[in-house]
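Here's the structure, in structure tokens; my notes come after.
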Amino acid sequence: MAWFTRQKPPIEEAPPDDGEKSVRTEGLWQKCDSCGQIIWRKTVEENLQVCPKCGHHFRIGALDRLQQLFDGGEYTEHDAGLRWSDPVGLIDSKAYAKKLDETRNATGLPDAVVCGSGLFDNRRVQICALDLKFIGGSMGAVVGEKITRAIERCLAERTPLIIVSASGGARMQEGAISLMQLAKLSAALMQLDEARLPYISILTDPTTGGVTASFAMLGDLNIAEPGALIGFAGPRVIEQTIRQKLPDGFQRSEFLLEHGFLDAIVKRNDLKNYVSNALNFFLG
């Protein structure tokens, strides 16, 4: 029975990794939120951040939006230095001004919207794109002012306006000042309408709250990406309020198109060509 009592030899430790034989795969793959497939990240990037397996549209930032829409990805950014002046010293969980500074440093964005001018299929346009990374793409005084200035440039230069929305709504930290932007932007867009200059609204996932209740749904043409969540209050809030189960796909772009709240659903790969044709129709 010597074999039963014999001590096992110690397990030798693996030699240290010299880094020459290892293959780094971290960050090269990503999982689709819809179909669950593991996809080569470069393939997704080349497909404009759309899953090649199921067509799921991943959320993208404002800078990527502008690069995709402007010819050659080239544009002139406007009002990047515009900042919240903090007239009443608002406080969230911390001083609101400090929160804004921290968010700017973390995201590299001046605020929740980036506005630029340039060529769109050889036609000069103004494009504003919201970014969820900046406090949920929420609309505060800076967002309202930057978009209003973009509208004023459209009026001065006789150019179309395109806004790409991705937002949780009005910025709660700014209270009534944020809600004032709904009326301000609606009035500015009325001037654009009176000047007979087209405004095309592109709604992406998600577009909710005060943004939906103002400029996002006021386009001459309201376009959404597939599967985008669009609404004022969220589905959970509505269910708790009316105490009823909502239908499948409620507030998704396909549901809204079926019920007449949207003009079209356009895949990201087809978006630029679709909008270009729409501008040709409006302007000739």
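The values are calculated or read from the model by the stated rules, or taken from the named source; none is laboratory data. Remember, predicted model here, so these are calculated numbers, not experimental data. Cβ placement follows ideal geometry from the backbone for every residue including glycine, while neighbour counts extend to all protein chains displayed.
Quick notes on this structure:
- Top-ranked residue of the range 85-124 - restricted to ones that are in contact with a strand residue (DSSP E or B) (Cβ under 6 Å, 6 or more places away or on another chain) and not small (Gly, Ala, Ser), ranked as surrounded by the fewest Cβ atoms within 10 Å (Cβ to Cβ): VAL114
- For the range 23-73, residues that are touching a residue at least 24 places away in the same chain (Cβ under 8 Å), touching a Lys or Arg at 6+ places or on another chain (Cβ under 8 Å) and on the phi < 0 side of the Ramachandran plot total 6.
- Some residue of the range 140-154 being on the phi > 0 side of the Ramachandran plot, at pLDDT 95 or above and surrounded by fewer than 19 Cβ atoms within 10 Å (Cβ to Cβ): no
- Flag for GLY227 being assigned by TED's automatic domain parsing to the domain that holds VAL164, closer than 21 Å to ILE60 by Cα and either modelled with pLDDT of 95 or more or in contact with a helix residue (DSSP H, G or I) (Cβ under 8 Å, 6 or more places away or on another chain) (or both): yes
- GLY227 meets all of the listed conditions (1) within 18 Å of ALA166 (Cβ to Cβ); (2) out of contact with any Lys or Arg (no Cβ under 7 Å at 6 or more places or on another chain); (3) in a loop (DSSP other than H, G, I, E, B) but one, namely (2).
- Of all the criteria given as (1) assigned to a helix (DSSP H, G or I); (2) under 24 Å from GLU74 (Cβ atoms), the one not satisfied by GLN173 is (2).
- Only one entry of LEU279, LEU189, LEU203 meets the criterion of being crowded, with 22+ Cβ neighbours inside 10 Å and touching a Phe, Trp or Tyr at 6+ places or on another chain (Cβ under 9 Å), and that entry is LEU189.
- Restricting the range 65-84 to residues that are more than 19 Å from SER178 (Cα to Cα) and in contact with a Cys (Cβ under 8 Å, 6 or more places away or on another chain), the residue that is surrounded by the fewest Cβ atoms within 10 Å (Cβ to Cβ): GLU77
- Comparison of LEU197, LEU262, LEU192, LEU185 shows that the only residue that is farther than 30 Å from LYS94 by Cβ, assigned to a helix (DSSP H, G or I), at pLDDT 95 or above and more than 16 Å from the chain's Cα centre (by Cα) is LEU192.
- Residue in the range 200-210 that is in a loop (DSSP other than H, G, I, E, B) and of a type in the set (Asp, Glu) present: no
- VAL143 vs. criteria in a helix (DSSP H, G or I), within 15 Å of HIS78 (Cβ to Cβ) and free of Cβ contacts under 8 Å to residues at least 60 places away in the same chain: yes
- In the range 157-170, the residue that is surrounded by the most Cβ atoms within 10 Å (Cβ to Cβ) out of those that are part of a strand (DSSP E or B) and touching a residue at least 60 places away in the same chain (Cβ under 8 Å) is ALA166.
- Any hit, the range 110-131, residues being assigned to a helix (DSSP H, G or I) and outside the structural domain of ARG41 (by TED's automatic domain parsing): no
- Filtering the range 253-265 to residues that are touching a Pro at 6+ places or on another chain (Cβ under 8 Å) and either crowded, with 17+ Cβ neighbours inside 10 Å or not assigned by TED's automatic domain parsing to the domain that holds PHE232 (or both) leaves SER253, PHE255, ILE265.
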